[in-house]
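Structure first, then comments.
The values are calculated or read from the model by the stated rules, or taken from the named source; none is laboratory data. Since the structure is predicted, the reported quantities are computational estimates derived from the model, not experimental observations. Glycine gets a Cβ as well: all are built from the backbone with ideal geometry, and neighbour counts include every protein chain shown. For the accessible areas, the whole protein counts, side chains as well, though only heavy atoms, and no ligand, DNA or RNA atoms are used. Shrake-Rupley method; radii C 1.70, N 1.55, O 1.52, S 1.80 Å.
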Amino acid sequence: MGETILSVNDLKVFFHARKLTVKAVNGVSYRLYRGQTLGLVGESGCGKTVSALAILRLLETPPAEYRGGEILFDGKDLFMLTEKQLRGIRGESISMIFQEPMTSLNPVLSIGFQIGEVLAVHRDLSPGEIKDKTVELLRMVGIPDPVKRAGEYPYQLSGGMRQRVMIALALSCNPKVLIADEPTTALDVTIQAQILELMVDLQNQLGTSILMITHDMGVIAETAHRVAVMYAGKIVEEGDVGVIFNNPRHPYTQRLLQAIPRIDQSCLERLKEIPGMVPDLCFLPPGCSFFNRCPDRKDHCRHHEPELEIVENEHVVRCWSA
């Protein structure tokens, strides 16, 4: 699979509120390989974004608590770094595209100023060089008339343009790892396709490794090399994108794929939904957390939690029936 650039091992992130403990991320492990894209998928609330924010320690403590695990980036455990050392990595070696660009961009600062601020922190450039680099970045992500756009504010741009600005911000220092948290949320399908094509092109040019977080399996099929499926704070299946789509072994992964609308499907045919709800992360049941929603459940699953097991080369599943 190539060289591992980011390794998350047994990560646990809990939240404490009103004497309750929410086990948002409960023993998650995955690897991101250099120059490749790992897709992290699952329903809303399964822990995808929390696990990504934990990589850069962006969760406020309290209420969050980093309960255990390690995050190795280029061989260094990010949990062992001081805040000053971590600031040198954020935005330069590891960047993040946040979920909603309108709330992530500062509404009272121009686009050019916000990109230039990142360059000023991480690069030894003169004001003129920062301005030129900002325009170059806006041009690279396909924004027309970048000189003019650099002086505009977020409210003056469309949703697709703001998302391109977020990508320019994230790529301003040529990071080794790019975390993309729902980068196509709330965009129409045409703009979504353009954004995904842009990210793939930039990855090919810069060799950036991408952690793609989404609940859209179609996005994963277009962009990812490997897929990790999360449910109730844990990885339940991981493997090459072709293996996951053609031979999913976990019942949850199978139901996610069955819920995708198909072009050859009759408009009168009902989509297959996953019955039931994700369990309360404050009161996780014993045994398999997917038990109450699983059509293949057995009594053994109710009382005994399965571990991730290798079913074939680089394909792991957390299921007694796999």
Dipole moment magnitude, nearest 20 debye, the chain about Cα centre, only Lys, Arg, Asp, Glu C-beta charged: 620 debye
Highest-MSF residue in the chain out of G45, G112, G239 [GNM, Cα springs under 10 Å]: G45
Solvent-accessible area per residue, Å², over the stretch 260-322 with all protein chains present [probe radius 1.4 Å]: 75 Å²
Sparse-neighbourhood loop sites, chymotrypsin sites (Phe, Trp or Tyr not before Pro) in the stretch 77-185 - DSSP loop, at most 10 other Cβ within 10 angstrom: none
Convex hull of Cα atoms in the stretch 139-200, direction-averaged projection (nm²): 4.4 nm²
Amide H partners (placed H, <5 Å) of I179, local residues excluded: S95, M96, I97, L211
Helix axis angle, 127-140 relative to the chain longest principal axis, alpha carbon, degrees: 50 degrees
Using θ = phi - 60° and Karplus 6.51 cos²θ - 1.76 cosθ + 1.60, couplings along the stretch 238-255 (whole Hz; Gly, Pro as x): 8, x, 4, 4, x, 5, 5, 7, 9, 9, x, 9, 8, x, 5, 4, 4, 6
Debye intensity ratio in log₁₀ form over the Cα atoms of the stretch 1-134, taken at each q of 0.15, 0.18 Å⁻¹: -0.89, -1.16
Pairwise centroid distance, computed over Cα atoms, of the stretch 10-28 with the stretch 194-212, Å: 32 Å
Charged-residue dipole, Cβ positions (Lys, Arg, Asp, Glu), the stretch 58-151 about Cα centre, Debye nearest 20: 260 debye
For the chain, calculated [θ]222 nm from helices alone, where every DSSP H run of n ≥ 4 adds -39500 (n - 2.57): -9500 deg cm²/dmol
Candidates K272, K133, K19: whichever shows maximal mean-square fluctuation once the chain is modelled as a Gaussian network with Cα springs under 10 Å: K19
Of T134, T185, T253, the one that fluctuates the most in a GNM where the chain has Cα springs shorter than 10 Å: T185
Rounded FRET efficiency, nearest 0.05, which uses the C-beta distance separating E129 from Q258 and R0 of 41 Å: 0.20
Which of F98, A64, S172, positive extreme of dipole for the chain (C-beta unit charges): A64
Environment charge at S126 (Cβ cut-off 11 Å; Lys +1, Arg +1, Asp -1, Glu -1): 0
The chain: angle of helix 159-171 to the longest principal axis, Cα-based, in degrees nearest 10: 80 degrees
Whole-angstrom gap from the stretch 225-266 to the stretch 106-181, using each part's C-alpha centre: 35 Å
Percent accessible area from carbon and sulfur atoms, the chain, protein chains only, probe 1.4 Å: 52 percent
Around C173: net Lys/Arg minus Asp/Glu count, Cβ-Cβ under 11 Å: +3
